[in-house]
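Structure, as structure tokens:
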Amino acid sequence: MAIKRRLKKANDFKIGVIQGDDIFNQIDGMIKNGEKFKNLETGENISKILTNITSANVYIDSFSVKDALDKGADIVLAGRVSDPGLTLGPLLHEYQWKSNDYNKLASGTLAGHIIECGAQCTGGNYTKWYELDDISNIGYPIVEVKRNGDFLVTKPPYTSGVVNRLSVTEQVLYEMGDPNKYISPDVCVDFTSFNLMEIKKNVVSINNVIGFKPTSTYKVSISYFSGYKCSAQLTISGPNSYDKAKLVAKTIWERLKLAGTTFNKKNTEYLGFNSCHKNINLKYSGANEIVLRLSVKDDNRKKVERFSKEISPIITSGPPGVTGFAGGRPKVQEVISFWPALIDKKLITTKVKIL
């Protein structure tokens with residue numbers, strides 16, 4: 001599939017702007033009219049964060065992209081569309097698929113899902129990375145989609161990386177959720193339905209994708225201010241580095257406690273030992289250095305600032321071998337948190353403005 005456009009001068013380009021995903025200024029009225037916006041992960045009521053909301057955007061459908069292209073847009077600027085929608089939208093325009101062509105919509109959604117993370121399906125983040133001699137010139141993926149929805153996954157010639165059954169399957173599994181019901185704004189996809197075959201080097205074929213009616217709701221991405229945070233790192237080197245790192249952490253937390261400073265949340269990590277796999281019973285190997293990372297979060301900015309002032313003194317008032325403090329005092333940052341919710345599709349109207 002290729003959208004053919006005649007060559008144009010710069011001032012002849014049409015830009016399609018999709019509007020309607022931003023409901024920040026409408027959310028109070030929607031709540032008064034009965035929309036719950038309950039947190040999809042925790043079930044909490046949105047009243048908990050209502051005064052701290054900083055943005056609210058709906059994952060609108062891919063037909064909005066189609067509408068922009070149908071109106072002659074050369075460039076489409078969209079708000080919160082789905083990642084696969086960046087692929088499905090042009091397919092809807094090129095092939096004029098209908099909203100109830102569920103299998104074709106499912107195929108276009110799967111194609112978009114496979115390439116949405118770029119090189120993650122062509123050798124990036126690849127389990128068998130050790131089999132790849134070179135990824136310095138890794139090729140980004142290409143999908144070649146037929147009118148009936150069948151498609152090929154490949155990459156440009158003379159690029160490194162790989163496209164094979166495993167690399168594509170690993171990307172299919174990415175952020176999948178229920179494999180029998182991958183939910184997008186346009187269609188629900190059965191990720192157990194399709195055939196995935198290597199037909200030649202760096203070319204994978206996919207067909208027989210099954211889709212069915214989408215849900216009656218859109219997902220809403222809401223962000224809200226939820227306090228302040230600060231993280232600091234120190235490199236602890238020399239013999240018994242892990243034991244020294246534990247002493248440094250204990251000392252800093254105790255000094256803060258003696259100063260009357262406690263936090264809503266705090267965290268201690270030993271990078272090089274257990275920061276990535278805390279739930280696995282790993283034995284310490286006795287490495288000669290450990291990176292200690294300490295983090296705090298609280299609603300009170302002054303308390304977080306007090307933490308940031310406690311890091312550098314440990315270098316000269318703690319055990320030997322504490323180094324790696326660079327870049328000045330760790331910075332206090334605002335925390336913007338995520339609140340996922342649902343909204344009835346009937347409440348959302350999108351429109352395209354051509355510039």
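Just a few scattered comments:
Residues checked against (1) among the β-branched types (V, I, T); (2) modelled with pLDDT of 95 or more; (3) more than 30 Å from D299 (Cα to Cα):
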residue: I3; (1), (2), (3): yes, no, yes
residue: I18; (1), (2), (3): yes, yes, yes
residue: E35; (1), (2), (3): no, no, no
residue: E44; (1), (2), (3): no, yes, no
residue: K48; (1), (2), (3): no, no, no
residue: S64; (1), (2), (3): no, yes, yes
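- Exactly one residue out of S221, S205 is touching a Pro at 6+ places or on another chain (Cβ under 7 Å), on the phi < 0 side of the Ramachandran plot and not in a loop (DSSP other than H, G, I, E, B), and it is S221.
- Residues of the stretch 104-120 that are in a helix (DSSP H, G or I) and surrounded by fewer than 20 Cβ atoms within 10 Å (Cβ to Cβ): G118, Q120.
- Subset of the stretch 247-261 (residues that are assigned to a helix (DSSP H, G or I) and either over 12 Å from L292 (Cβ atoms) or modelled with pLDDT under 95 (or both)): E254, R255, L256, K257, L258
- The residue of the stretch 88-99 that is nearest to the chain's Cα centre (by Cα), among those that are surrounded by fewer than 24 Cβ atoms within 10 Å (Cβ to Cβ) and in contact (Cβ under 8 Å) with a residue 60 or more places away in the chain, is P90.
- Every condition in (1) surrounded by fewer than 24 Cβ atoms within 10 Å (Cβ to Cβ); (2) closer than 29 Å to Y218 by Cα is met by G149 except one, and the failing one is (1).
- Test set (1) in contact with a helix residue (DSSP H, G or I) (Cβ under 6 Å, 6 or more places away or on another chain); (2) over 30 Å from K302 (Cα atoms); (3) not in a helix (DSSP H, G or I) - C230 fails condition number: (2)
- First in the stretch 308-331 and without any contact (Cβ under 8 Å) to a residue 24 or more places away in the chain, second anywhere and in a helix (DSSP H, G or I), Cβ under 7 Å, 6 or more apart: R329/S308
- In the set G72, G85, only one residue is at positive phi and either buried (at least 24 other Cβ atoms within 10 Å of the Cβ) or out of contact with any Gly (no Cβ under 6 Å at 6 or more places or on another chain) (or both); that residue is G72.
- Taken across the stretch 100-113, residues that are β-branched (V, I, T) and within 30 Å of L355 (Cα to Cα) do occur, with at least one present.
- Any hit, the stretch 124-140, residues being part of a strand (DSSP E or B) and surrounded by 15 or more Cβ atoms within 10 Å (Cβ to Cβ): yes
- The residues of the stretch 293-326 include none that are under 18 Å from S226 (Cα atoms), assigned to a loop (DSSP other than H, G, I, E, B) and hydroxyl-bearing (S, T, Y).
- Test: residue in the stretch 215-236 that is modelled with pLDDT under 95 and surrounded by fewer than 17 Cβ atoms within 10 Å (Cβ to Cβ): no
- Among residues of the stretch 121-138 that are closer than 18 Å to V203 by Cβ, those with a Cβ under 8 angstrom from a residue that is charged (D, E, K, R), sequence gap 6+ or separate chain, pair up as C121/E170; T122/K155; Y126/E170.
The values are calculated or read from the model by the stated rules, or taken from the named source; none is laboratory data. What you are looking at is a predicted structure, and each value in this text was computed from that prediction instead of being measured. Positions of Cβ are backbone-derived with ideal geometry, glycine not excepted, and every protein chain shown enters the neighbour counts.
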